[in-house]
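Step one of this worksheet: look at the structure below.
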Amino acid sequence: FTGLTTKTFNVTNISAVNVPAGLRQEIITKALSVTVRGTEAGIKAIKNEDLSVEVDLSEAQIGTASMTAKVVVAESFPDVGAVGTYQVSVKLREQ
């Protein structure tokens, strides 16, 4: 990967999407160490607030589980992307 560099951020903007009807979610993970890779210019310009983490709960069931999460990079950084896989702990219960 010539010309690319990496940087690690402590991301606290973690949210859930596709919460099943009738269930309430509580995200247990409060911060995630996320590594991104991109051009040197992109890595120098990107900030913590340009990153977020989403966990899709469409397949989740009641209880506490570790779910695979997706790192979302702001659209203004098309040359930067997350490296690796990330897990978020979530608790689901009836409303």
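Of all lysines in the structure, those lying under 17 Å Cα to Cα from Lys91, and not within fewer than 8 positions of it along the same chain, are Lys30.
If a spin label sat at a point 7 angstrom from the Cα of Ile28 along the line to its beta carbon, the backbone N atoms of region 40-70 nearer than 11 Å would be those of 63-67. Magnitude of the charge dipole for the chain, about its Cα centre and with charges confined to Cβ atoms of Lys, Arg (+1) and Asp, Glu (-1), is about 260 debye. Based on C-alpha pairs under 8 angstrom that are at least 6 apart in sequence, the chain has a relative contact order of 36 percent. From a point 7 Å beyond the Cα of Glu54 in the direction of its Cβ, which residues of region 5-40 have a backbone N at a distance under 11 Å? 15-18, by backbone N distance to the label point.
The region of the chain that goes longest without hitting one of the trypsin sites (Lys or Arg not before Pro) in a DSSP loop, each with at most 13 other Cβ atoms within 10 Å, is 48-95. Largest GNM mean-square fluctuation among Ala31, Ala69, Ala21, using the chain with Cα springs under 10 Å: Ala21. For chymotrypsin sites (Phe, Trp or Tyr not before Pro), the sites in the chain that DSSP calls loop and that have at most 10 other Cβ atoms within 10 Å are Phe1. Put a plus charge on the Cβ of each Lys and Arg, a minus charge on the Cβ of each Asp and Glu, and nothing anywhere else: the dipole of region 39-82 about its Cα centre is then about 120 debye.
Solvent-accessible surface of the chain, taken per residue with a 1.4 Å probe and all protein chains present: 61 Å². Averaging over all projection directions, the Cα-based convex hull of the chain occupies 6.2 nm² in the image plane. Considering helices alone, the calculated mean residue ellipticity of the chain at 222 nm is -1500 deg cm²/dmol, with DSSP H runs of length four and up weighted by -39500 (n - 2.57) and normalised per residue.
The values are calculated or read from the model by the stated rules, or taken from the named source; none is laboratory data. Given the structure is predicted, the values throughout are model-derived calculations rather than measurements. Heads up, the Cβs are rebuilt from the backbone with ideal geometry, glycines too, and the neighbour counts pull from every protein chain shown. The area values use the complete protein model at the heavy-atom level, side chains included, leaving out ligands, DNA and RNA. Shrake-Rupley method; radii C 1.70, N 1.55, O 1.52, S 1.80 Å.
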